Amino acid sequence: MADYKFVLTEKDLPTRWYNILPDMAATGGPPPPPLHPGTLQPIGPADLAPLFPMALIAQEVSQDRFIDIPEAVREIYKLWRPSPLYRAHGLEKALGTRAHIYYKYEGVSPAGSHKPNTAVAQAYYNKQEGTRRLTTETGAGQWGSALALACQLFGMELKVYMVRVSYEQKPYRRIMMETWGGQVVPSPSRDTNAGRAILDKDPDSPGSLGIAISEAVEDAALRDDTKYSLGSVLNHVLLHQTVVGEEALKQMALAGEYPDVVVGCVGGGSNFAGLAFPFLRERLVGGKKTRFLAAEPEACPSLTKGEYVYDFGDTAATTPLMKMYTLGHTFVPPGIHAGGLRYHGMAPLICELHARGHIEAQAYAQTRVFESAIQFARTEGIIPAPESAHAIRAAVEEAVAADAAGERRVILFNLSGHGHFDLSAYELFLAGKLQDYAYPEEMVRQAMLSIPKVE
């Protein structure tokens, strides 16, 4: 009888996060540093101290390959970790493929996604250093939900700036955040200078993650009792997510196979990094030949269409400059339902790995993504988040390509969350009303003009 899932016990829960920085430095030199927005010089700990606790700042620049997970964090992880690894027998049968398709399912967390892996860690370190209140942004609401849960567990206040188009599309995500005690406002809002400036120019702005970041950063910077928390992009966030890949390495060993290709959707990059980085370690220092594929939306294709330059992480140009593939920090993506992928840039570590040729990228149209989401739901039983469905689409196309080439590939992807609060998008698709968005070339061209020139 075929095995469908590969399950670890709590005793197998990783005790350390994996930091890819030293392996990158050893095999290709250190990645480009973030720069101060005023001086254009590499930033130091003092520059980040108003926004982040020192423990997270230390993790941001650490050269230790492994960082111990605090016992208090591991205890909370046990609510849902280790998460299961599945063999997608139903999907394979529907495709008629020779490929073996596996997925790591992060939707088993209380918030329904991978995001609590870092939310719990960030809340813990902030609480340890006396922070009373956090601010953050959220797109589809997965990150805001996770941080609301974490703040409730550690007795902290939270204000969430939720991208307006998602605030309107996904009311149950807002209710989830409020149930866990978070205060949620649509972004752009009238609560910050950044938000008011956007609304004065465009009262009907759908918002973007860049705008919401500007609001959350401004809010945190103006209060002594408040720090800012980010759900993706930064090194320490990607670090915390590596529990996913460390578990998956053990589970693939239980399955008796090793992936030929590892797939994940990318917006800011955290869920992709969480699964991929431990396997990338095996490529960088172990000589494995695994390919890595990042799946993104055609409407916001930073890795496939962006330029690899220094740019701001937020719309108001208040954050450090990071070298990344960007569409321009003033770019406001179309209102696709994968709200977590509507970001103009990408995690700098992922960008540098892509630039070095270790990571491939492919963009997918919204309707194609939902075709694969429906097929997955009907064969595997899980309704995926629109973000995660990009990874499903990529995995399906990988399987089809392998069959055409006469190969039997082992494909592993991260199913980063469920889509139970995204059913309005499924309703539109099933009714034939879900639309595709063309790549907004002129809008991107204009946004790229706002990027500062950094030599």
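We did not get these values from a lab; they are worked out from the coordinates using the rules stated. Everything quoted here is computed from the prediction, not taken from an experiment. All Cβ positions, even for glycine, are placed from backbone atoms using ideal geometry, and neighbour counts span all protein chains on display.
Backbone amide hydrogens, once placed in the peptide plane, bring Phe292 within less than 5 Å of Val262, Glu360, excluding anything fewer than 5 places away on its chain.
Antiparallel beta bridges, as assigned by DSSP with both residues in the range 35-160, represent about 50 percent of the total such bridges. Among Val244, Val332, Val309, a tally of other beta-carbon atoms within 10 Å of each Cβ gives an order, fewest to most, of Val309, Val332, Val244. Most tightly packed first, judged by the mean number of other beta-carbon atoms within 10 Å of their residues, the peptides 50-59, 429-438 read 50-59, 429-438. Within the chain, DSSP assigns beta bridges of which about 35% are antiparallel (rounded to the nearest 5).
Derived scalar couplings between HN and Hα for the range 320-326 equal x, 7, 10, 7, 7, 6, 9 Hz in order, rounded to whole Hz, by the Karplus curve 6.51 cos²θ - 1.76 cosθ + 1.60 (θ = phi - 60°), x for Gly and Pro. Non-local amide H neighbours of Val184 (under 5 Å, H modeled in plane, Pro and chain starts lacking H): which ones? Those qualifying (amide H under 5 Å, at least 5 residues apart or on another chain) are Val160.
Using the Cα gyration tensor of the range 297-451, with a ≥ b ≥ c the square roots of its eigenvalues, what is the shape: rounded (a/c below 1.5), prolate (a/b larger than b/c) or oblate (neither)? Oblate, because a/c is 1.5 or more while a/b does not exceed b/c.
Using a 10 Å cut-off around each Cβ, can you sort Met176, Met24 from fewest to most neighbouring Cβ atoms? Each step should come with its number before you reach the end.
Numbers: Met176 23, Met24 20.
If I rank by nearby Cβ atoms, fewest first, I get Met24, Met176.
Note that the range 205-210 has calculated 3J(HN,Hα) couplings of 3, x, x, 7, 5, x Hz, one per residue in order, obtained from phi through the Karplus relation 6.51 cos²θ - 1.76 cosθ + 1.60 (θ = phi - 60°); glycine and proline are x.
Around Pro440, with a cut-off of 13 angstrom between Cβ atoms, what is the net charge of the other residues, counting Lys and Arg +1 and Asp and Glu -1?
Working: positive: Lys305, Arg342, Arg445; negative: Glu298, Asp436, Glu441, Glu442.
Surrounding charge for Pro440 is -1.
Within the shell of other residues whose beta carbon sits under 15 angstrom from the beta carbon of Leu56, the net charge comes to -3, with Lys and Arg scored +1 and Asp and Glu -1. Counted residue by residue at 0.36 nm each, then reduced by the alpha carbon distance between them, the extension gain from Thr39 to His420 reaches 132.6 nm. Note on the range 33-94 and the range 420-455: Cα centroid distance 27 Å, given to the nearest whole angstrom.
Legend: distances between Cα atoms for Lys78/Lys115; Lys170/Lys433; Lys115/Lys201; pairs beyond 25 Å are Lys115/Lys201. Adding -39500 (n - 2.57) for every DSSP H run of four residues or longer, then dividing by how many residues the chain holds, sets the calculated 222 nm ellipticity at -12500 deg cm²/dmol.
Within a 10 angstrom radius of the beta carbon, how do Ile213, Ile382, Ile175 rank from fewest other beta carbons to most?
Details: Ile213 27, Ile382 20, Ile175 14.
Neighbour counts put them in this order, fewest first: Ile175, Ile382, Ile213.
Electrostatic bookkeeping for Gln375 treats Lys and Arg as +1 and Asp and Glu as -1; over the other residues with beta carbon under 13 Å from its beta carbon, the sum is 0. Just tell me which lysines come within less than 20 Å, Cα to Cα, of Lys323; anything on the same chain fewer than 8 places away is out. By straight Cα distance, Lys323 reaches Lys305, Lys453.
The H on the amide N of Glu307, modeled in the peptide plane, is under 5 Å from the matching H of Thr326, each at least 5 residues off or on a different chain. Could you please state, rounded to a whole Å, how far the C-alpha centre of the range 342-406 is from the C-alpha centre of the range 287-309? Here the answer is 10 Å between Cα centres.
Looking at the square roots a ≥ b ≥ c of the eigenvalues of the Cα gyration tensor of the chain, which shape do they give, rounded for a/c under 1.5, prolate if a/b is larger than b/c, or oblate?
It comes out rounded by the Cα gyration axes.
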